[in-house]
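Note sheet for the following structure.
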Amino acid sequence: MEWFIKCLKNYTVFQGRARRKEYWMFVLFNAIFGWGLNLVGSLLVDSLGFVATLPALVYSLGVLIPSLAVGVRRLHDINKSGWWFLIPLIPIVGSIWLIVLFCKEGDKGDNKYGPDPKALEE
C-alpha cells in the first residue's frame, strides 16, 4: 500500500525513475480499488442508474495522471523515453511490447534519467 500512496504523492513527477515493484504495486492496488468501485456500482445500478458508476469514474480520472507519471518513470528506469508510453497506438503489438518493457529489470547504476532507485533503498 505504501507504493500506491508514494505514487499518489508523486502524481506530477515525470522525471526520475521508478522500480518495477513501485509500478506493479501501483497497478495492483489501482486494479483492486477500481474493481471494488465497479462492483459496488454494479450492485447499486438497479436503483440509482448512472449515479452508481460515478465513484468509479471519479476514481479513474483521479488516478489518470499518477498512472501516466509512474509509467513514464518506469520507462525511464530502463533508459527509455517517456514517449514510449504511446507505443500501444500500434494495434496489438504495441500493448504487448509496452508490457514487456514494464517487466524488464531497470538499468543498474545511474542512467540519463537519474540514479538507480533500487540502489538508493538498499
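Remarks
- At the residue level, Val93 shows approximately 100 square angstrom of accessible surface with a 1.4 angstrom probe and all protein chains present.
- Rounded to two decimals, the Cα radius of gyration of the stretch 51-122 over 2.2 N^0.38 Å is 1.36.
- Only Lys, Arg (+1) and Asp, Glu (-1) charged, at Cβ; the chain dipole about Cα centre in debye: 260
- Solvent-accessible area per residue, Å², over the stretch 1-45 with all protein chains present [probe radius 1.4 Å]: 64
- Carbon plus sulfur fraction of accessible area for the chain, probe 1.4 Å, in percent: 70
- Solvent exposure, largest accessible area first (probe 1.4 Å, DNA, RNA and ligands not counted), of Leu101, Leu89, Leu57: Leu89, Leu57, Leu101
- Label point at Lys112 placed 7 Å out along Cα→Cβ; residues across the stretch 18-46 whose backbone nitrogen lies under 20 Å: 18-19
- Amide H within-cut-off set for Gly106, under 5 Å, with H built and near neighbours excluded: Arg20
- Rough spin-label spacing in nm, given labels placed 7 Å along Cα→Cβ, for Leu43 and Leu61: 2.5
- Residues whose placed amide H lies under 5 Å from that of Gly114, excluding near-sequence neighbours: none
- Accessible surface comparison of Trp3, Trp84, Trp35, probe 1.4 Å, protein chains only, largest first: the order is Trp35, Trp84, Trp3.
- The accessible-area ordering, largest first, of the residues Ile87, Ile65 stands as Ile65, Ile87, per a 1.4 angstrom probe.
- Within straight-line cross-link reach of Lys112, lysines at Cα separation under 20 Å, skipping those fewer than 8 residues along the same chain: Lys80, Lys104
- Exposed loop sites were defined as trypsin sites (Lys or Arg not before Pro) in DSSP loop states (anything but H, G, I, E or B) carrying at most 11 other C-beta atoms within 10 Å; in the chain the longest segment without such a site runs 1-107.
- Each of Thr53, Phe33, Val13 was scored by the projection of its Cα onto the charge dipole of the chain, and the greatest displacement toward the positive side belongs to Val13; charges sit on the C-beta of Lys, Arg, Asp and Glu.
The values are calculated or read from the model by the stated rules, or taken from the named source; none is laboratory data. On a predicted model such as this, the values are computed, not experimentally measured, just so you know. Reconstructed Cβ throughout: ideal geometry from the backbone, glycine too, with neighbour counts over all protein chains shown. Surface areas here come from the heavy atoms of the whole protein model, side chains and all, with no ligands, DNA or RNA. Shrake-Rupley method; radii C 1.70, N 1.55, O 1.52, S 1.80 Å.
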